[in-house]
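The values are calculated or read from the model by the stated rules, or taken from the named source; none is laboratory data. Predicted, not measured: the structure shown is a model, and the values here were computed from it. Ideal geometry is used to build each Cβ from the backbone, glycine not excepted, and the neighbour counts take in all protein chains shown.
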Amino acid sequence: MKLTRVRVQNYRSVEDSGSFDIGDLTCLVGKNEAGKTALLSAIRGLRPSQPFEFDETIDYPRRFATRFDDRHEFGTAEVIRAWWRLDSADKAAVTSRFGDGVLKGDTVQTHFGFRYEDGKRIWVLEVDHSKCLEYLVNKCALDATERNVLHGVHDGPSADKALSSLTERTPKQESLLQEIRKSRQSDFDLGVIDILEKRQPKFFFTSHFERMSGMVSIQKLQQDKQQGTVSSGDKIFLDFLEYAGTTLEELLEADRREALKAKCEAASNEITDEIFQFWSQNNALEVVIEIDNAKSADKAPFNAGLVADIRIKNTNHKATLPLSERSAGFVWFFSFLAQFKQLKKTSGNAIILLDEPGLTLHGKAQGDLLRYIVERLLPDHQVIYSTHSPFMVPMDRLSDVKIVEDVVVSGSNRRPEVKGTKVRMDVLEVGDDTLFPLQGALGYEVTQSLFIGANTLLVEGPSDILYLKVLSQALTKRGRKGLSAKWTLCPAGGIDKIAPFVRLFGGNNINVAVLSDIANGDKTKVENLKRAEILKSGHLYTCADFTSQEEADVEDILHVDLFIEILNGAYSPPASHVVGKDSLLSAAPTSRVVKKAEALFKLMPSEVAEFDHFVPARWLLEHPSILDLDAPSVLSTLDRAAVLFETFNRLLDESIHYVPLRDNE
């Protein structure tokens, strides 16, 4: 059973998130206080794997607290609704009980919220009751006479009533009655639900706050466990013990302490080995478990009974420190793996919810964590996680990214209208603050690759990268040569930043080439950059070199008719303001089509968004099929792009050599 879609309502800052798709991996991106944690908590409440309950007093939106009955006429407030797709094993389980074809479709819904009767989760599904009954009748082999009592009966409760009314039942009729009563209340809907509910994944939730306790009083933990007051850090320690194959009670048996210590060490070594397959920060760390009698001089409760001390050993410095004194990032990573290992051991069918995972990790280590999620978790689990870090955005899976915003609409003559937390499917239709992690992720990804890529092609900005990538893919699709995969595209941010970039990274033996926009005021800068000899001769081109213009941007590689089609697709202006060739070309006295578009869009109605370089590039990325057409504008664009790519691909064949910087540079 796979989760495919969810909708959250009436929970903390979420009035109605809107429904949004869930895939194998779902990344919820948003700034602080956008409502990401609220979304994960609401989803968790549908079927938590750990103790968790909705609390109406705390969790119901506070601004509506006195209007509950007015807002919910049936007396319940739905919080979470989930859509599930049944797999072949789910359908087979139903078939084995009720026969083929009793489920009308392979999707079901479940929902839960405040004031649901007895805390029951509600299922929405369609079951063919007649087929269920017919299957059970045939299974019990009733003959025609025995079936007469069921004439006109098509569901379980009616069949139960009809059979129960008989003063005497044949053995086959009795067998059928017992088969029907295997379903709760003799209801076939409930019978199917009971089958599917056992197969439904639970939600495992953890956050960046949850870290394993570094020192544990075994006796105190045993008391807390009995009283139900175990802290989150101690709960992770219990998970670790269970994964190691031991218990608190066994730890208290002194004659087995050495054997149990060996178990703990074996488990910690396995988790540590797992960490270092993905942990690039420091590979000289080891986890050491010490189980010993308490020392009277220590602080309570560690001054009596048995104490487990988890320490991290640095093999470089030959020293150990308590887990609590190591980096918060490493402690979190170890704690998360301890939880996950135990989860996998006891409940493989779980959906993992991660709230701001790896928040305390270095950016590179966050990348390691993301790789761990993809390589280790996704094969067996769906993963939904929240982040506001650029390093946790899966740039190769942008379709898995959902944007979370706390929407407040401001009006000129009235108070702001609070709409609450919303989830947007389009990762780029958001405000600048929310978009920042995506922008940062794009820049970080390409610049980080400079340290491992031998060939770097500098362009103006992220939109240029999108245009070049899509054009290259379109050429490749037609069997023509695109831009070589050996080139790493990197946004330099303008011609003024090229020289500092090359000076900074030139010592890394990177083959640097440049494709720069050019305006009239940039010509002297280009000549000065060429004379500075910090770039290899012939490695600097402007977009004007591939057009018939003296001023040009990457957008000028596109035929004007194609660019107009992209603009209309990206902005959907009203019919009265659809972008036309005449209106665009006459919008500004420049040959640069981008500047013409900027001028034209200033005349658009207020409901049309302001022109932004990134929006048309994004639209082309999402609609690459436009380049599959054989229209003259497309063919002309691809021919021009092919010349550009061939020019830069030739630079790869040249040996890498950099002119040394002079001392006064």
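For ALA42, are the conditions met, namely being small (Gly, Ala, Ser) and within 30 Å of TYR135 (Cβ to Cβ)?
It is false that ALA42 is small (Gly, Ala, Ser) and within 30 Å of TYR135 (Cβ to Cβ).
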Just to be sure before I move on: is ASP239 among the charged types (D, E, K, R) and buried (at least 18 other Cβ atoms within 10 Å of the Cβ) in the structure I sent?
yes
Residue in region 293-307 that is surrounded by the most Cβ atoms within 10 Å (Cβ to Cβ), counting only those that are assigned to a strand (DSSP E or B) and modelled with pLDDT under 85
LEU306
Search result, residues across region 21-62 that are assigned to a helix (DSSP H, G or I) and surrounded by 11 or more Cβ atoms within 10 Å (Cβ to Cβ):
LYS36, THR37, ALA38, LEU39, LEU40, SER41, ALA42, ILE43, ARG44, GLU56, ASP59, ARG62
For region 67-185, list the helices (runs of 4 or more DSSP H) that sit wholly inside it and hold at least 3 residues that are of a type in the set (A, V, I, L, M) and more than 21 Å from LEU46 (Cα to Cα); which are they?
88-98, 129-139, 156-164, 171-181
If you go through region 268-311, how many residues are under 18 Å from SER217 (Cβ atoms) and among the aliphatic types (A, V, I, L, M)?
10
Which members of region 44-70 meet the condition of being closer than 11 Å to PHE114 by Cα and of a type in the set (Phe, Trp, Tyr)?
PHE54, TYR60, PHE68
Residue, surrounded by the most Cβ atoms within 10 Å (Cβ to Cβ), within region 525-544, restricted to residues that are within 14 Å of LEU457 (Cβ to Cβ) and modelled with pLDDT of 80 or more:
CYS543
Consider ILE289 carefully, then state whether it is closer than 16 Å to LYS341 by Cβ and at pLDDT 85 or above.
no
Check off (1) at pLDDT 80 or above; (2) touching a Phe, Trp or Tyr at 6+ places or on another chain (Cβ under 7 Å); (3) not assigned by TED's automatic domain parsing to the domain that holds ILE289 for GLN342 and give me the number that stays unchecked.
(3)
Among all residue pairs at least 6 apart or on different chains, which show Cβ distances below 7 Å where the first residue, located in region 158-185, is over 17 Å from SER96 (Cα atoms) and the second is of a type in the set (D, E, K, R) and assigned to a loop (DSSP other than H, G, I, E, B)?
LEU163/ARG169; LEU177/ARG169
Of (1) touching a Gly at 6+ places or on another chain (Cβ under 8 Å); (2) assigned to a loop (DSSP other than H, G, I, E, B); (3) within 19 Å of ILE43 (Cβ to Cβ), SER386 satisfies every one except (2)
Residue by residue through region 94-124, note down the ones that are of a type outside the set (Ser, Thr, Tyr), within 32 Å of the chain's Cα centre (by Cα) and surrounded by fewer than 18 Cβ atoms within 10 Å (Cβ to Cβ).
LYS104, GLY105, ASP106, GLN109, ARG115, GLY119, LYS120, ARG121, ILE122, VAL124
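Based on what the data block shows, is GLU270 more than 15 Å from LEU337 (Cβ to Cβ), in a helix (DSSP H, G or I) and either of a type in the set (D, E, K, R) or touching a Phe, Trp or Tyr at 6+ places or on another chain (Cβ under 8 Å) (or both)?
Values: more than 15 Å from LEU337 (Cβ to Cβ): no; in a helix (DSSP H, G or I): yes; either of a type in the set (D, E, K, R) or touching a Phe, Trp or Tyr at 6+ places or on another chain (Cβ under 8 Å) (or both): yes.
Answer is no for this residue.
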For region 35-46, state whether one or more residues are on the phi > 0 side of the Ramachandran plot, touching a Lys or Arg at 6+ places or on another chain (Cβ under 9 Å) and touching a residue at least 60 places away in the same chain (Cβ under 8 Å).
yes
Do you know which of the residues in region 628-646 that are touching a Lys or Arg at 6+ places or on another chain (Cβ under 8 Å) and of a type outside the set (Asp, Glu) is farthest from ASP561 (Cα to Cα)?
PHE645
Which number in (1) in contact with an Asp or Glu (Cβ under 8 Å, 6 or more places away or on another chain); (2) buried (at least 16 other Cβ atoms within 10 Å of the Cβ) marks the one condition that LEU248 misses?
(1)
Condition set hydroxyl-bearing (Ser, Thr, Tyr) and within 24 Å of ARG371 (Cβ to Cβ), scope region 316-346, selection surrounded by the most Cβ atoms within 10 Å (Cβ to Cβ): answer is SER335
Given the conditions (1) hydrophobic (A, V, I, L, M, F, W, C); (2) assigned to a strand (DSSP E or B); (3) touching a Gly at 6+ places or on another chain (Cβ under 9 Å), every one holds for PHE205 apart from (3)
